[in-house]
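Below: one structure, written as structure tokens.
Coordinate-derived values only; no laboratory data. Keep in mind that what you see is a predicted model, and the values were worked out from it rather than measured. Every residue, glycine as well, gets a Cβ built from its backbone with ideal geometry; the counts of neighbours run over all protein chains shown.
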Amino acid sequence: MRVLVTFAAEAEFAPFKRRYPFRLKAASGSRSGKGAFYRCEIKDVQLDVYLTGIGWKGSRESLVSLMRQKPDLCISSGLAGGLRPDLEVGTVVVAREVLLVNGGQRLTSRPLLVQLAEKTGAKAVDTFLTSTSVVCDAKTKQTMAPFGDVVEMESFQVLRIARDAGVPALSIRAISDAADEDLPLDFGQTIGADGQIRYGRLILQAGLRPQTVPAMVRFGRRSQRAALNLTMFLDKYLKDLRQHSAQWGVEGNVEVAAR
């Protein structure tokens, strides 16, 4: 079985990376030189991981190339903001559909894969909203809540590439900030051209607003716990996928498709 998992940021991937013997692989199909990915073999599973960058800053052609290798499944994963009061920090959630905020396009997930994620311990929600910008304050989350349950920045693009390649896909996230929370700073200003956090910019913001440092430390610790919860879930989900592969892989099940 071949599984492709995407994360946005190195920090989201870090606990998962420590868990398995990944090797960095050169990208194929990327004229820009971007798009290296990670690979490891776990028993009968070939596991690839690609980092999209926050807000989709990675190499599209590299992900397309990985999809052309026809993995049995693609999982868009990482951290996300909750839009519902019952989604506590650290909760692992799986989306029945993903909605692009700018444009209103929707993609749906293969139902059996969502059901298996529920059985594995994820909380199924109706809609992830894929935003083009970092949502930093509770007031903005409140305005988005009527349209979705979770906000993140990459799932729609990943699922669309998977759909175009005929690869079953779904989005699974861990909540890093609750619906009623403001982020301690504007993380959009700390992201580099590659979509990764620039810690020098983070330190600069902290220096300009020292009163935010305790909140930043708390947010960092909770994000680490959420990333660890996601890793533990993915580990179990991969094992469950192996056991149920005949069921969810049956031809004729509903694949990721545009509505």
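Values for this structure:
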| quantity | calculated |
| --- | --- |
| Cβ-based exposure ranking for 57, 141, in which fewest neighbours within 10 Å come first | 57, 141 |
| Protection-proxy order for peptides 62-73, 145-156, 211-222, each taking the mean of Cβ atoms within 10 Å per residue, highest first | 145-156, 62-73, 211-222 |
| Cβ charges +1 (Lys, Arg) and -1 (Asp, Glu), total dipole of region 2-249, debye | 740 debye |
| Inter-label distance, nm, simple model (7 Å from Cα along the C-beta direction), residue 61/residue 194 | 1.9 nm |
| Charge dipole of region 2-249 about the Cα centre (unit charges at C-beta), most positive-ward option of 127, 100, 37 | 37 |
| Over 30 Å between alpha carbons, listed pairs 25/123; 17/139; 139/236; 25/57; 25/119; 43/141 | 25/123; 17/139; 139/236; 25/119; 43/141 |
| Extension gain, residue 186 back to residue 240 (0.36 nm per residue minus Cα-Cα distance, nm) | 15.6 nm |
| Residues 13, 22, 128 arranged by fewest to most Cβ contacts within 10 Å | 22, 13, 128 |
